[in-house]
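The values are calculated or read from the model by the stated rules, or taken from the named source; none is laboratory data. Given the structure is predicted, the values throughout are model-derived calculations rather than measurements. Here the Cβ positions follow ideal geometry from the backbone for every residue, glycine too, while neighbour counts run over all protein chains shown.
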Amino acid sequence: MKDKQIKFVDSKKELSESHQLLVQGALEALSLSYSPYSQFKVGCAVLLENNMIVKGANFENASYPLCLCAERVALANVASNHPNSIVMAIAVTAQNTNQLIDQPITPCGACRQVIKEVEIKQKKEIEVLCFGMEGKISIWPNSNSLLPDAFDVSFL
């Protein structure tokens, strides 16, 4: 089986209609961010199999280890409110008031692990679209491309 490759596109116009809506959802989610300490807003949108889009944003805390990432907020929203839905794709973006983000912003390690767990649970890969305020959009075919040799149940 041929390995899937990471793709890059130059603009939203090059994406499928469903991916364009997903990217727009992630941009809209930026306004939901609570990030008074870092000024680093992260927006996430999840595309479900029925074409519903579920959003999430980061939520900071003065005690930084208690912060919640946008990706985990969105995926927890899906698990809680749409428990039998299949996640097809997830889009992540960020905005920083201190500097322009002009490259794809990728999920942190913890979020990559959670995306992997959702894939395992649903037995279906999830595409991950990453982008900044300007520049290219990266399309990762699945969690393995983001997190090779991930920790899983086989280690337990």
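The table below gives the values:
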item: Matching residues in segment 53-84 - criterion: being under 15 Å from the mean Cα position of the chain (by Cα) and assigned to a loop (DSSP other than H, G, I, E, B); result: ASN58, CYS69
item: Condition met for ALA70 (surrounded by 15 or more Cβ atoms within 10 Å (Cβ to Cβ), farther than 20 Å from LYS7 by Cα and in contact with a Phe, Trp or Tyr (Cβ under 9 Å, 6 or more places away or on another chain)); result: yes
item: Any pair with Cβ under 9 angstrom, 6 or more apart, that starts in segment 1-17 at a residue that is exposed (fewer than 13 other Cβ atoms within 10 Å of the Cβ) and ends at one that is at pLDDT below 95 and part of a loop (DSSP other than H, G, I, E, B); result: ASP10/GLY135
item: Residue match in segment 106-123 (condition: at pLDDT 95 or above, touching a Cys at 6+ places or on another chain (Cβ under 9 Å), in a strand (DSSP E or B) and buried (at least 16 other Cβ atoms within 10 Å of the Cβ)); result: no
item: Matching residues in segment 134-156 - criterion: being at pLDDT below 95, surrounded by 15 or more Cβ atoms within 10 Å (Cβ to Cβ), assigned to a loop (DSSP other than H, G, I, E, B) and at negative phi; result: LEU147, ALA150
item: Residue check for ALA74: under 19 Å from TRP140 (Cα atoms) and in contact with a helix residue (DSSP H, G or I) (Cβ under 6 Å, 6 or more places away or on another chain); result: no
item: Qualifying residue in segment 114-132 (condition: of a type in the set (Gly, Ala, Ser), in contact (Cβ under 8 Å) with a residue 12 or more places away in the chain and in contact with a strand residue (DSSP E or B) (Cβ under 8 Å, 6 or more places away or on another chain)); result: yes
item: Residues that are assigned to a strand (DSSP E or B) and within 14 Å of the chain's Cα centre (by Cα), drawn from segment 21-50; result: LYS41, VAL42, GLY43, CYS44, ALA45, VAL46, LEU47, LEU48
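Conditions tested, residue by residue: (1) more than 19 Å from ASN142 (Cα to Cα); (2) out of contact with any Lys or Arg (no Cβ under 7 Å at 6 or more places or on another chain); (3) free of Cβ contacts under 8 Å to residues at least 60 places away in the same chain; (4) surrounded by 21 or more Cβ atoms within 10 Å (Cβ to Cβ).
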| site | (1), (2), (3), (4) |
| --- | --- |
| ALA26 | no, yes, no, yes |
| TYR37 | yes, yes, yes, no |
| ILE53 | no, yes, yes, no |
| ASN81 | yes, yes, yes, no |
| GLN99 | yes, yes, yes, no |
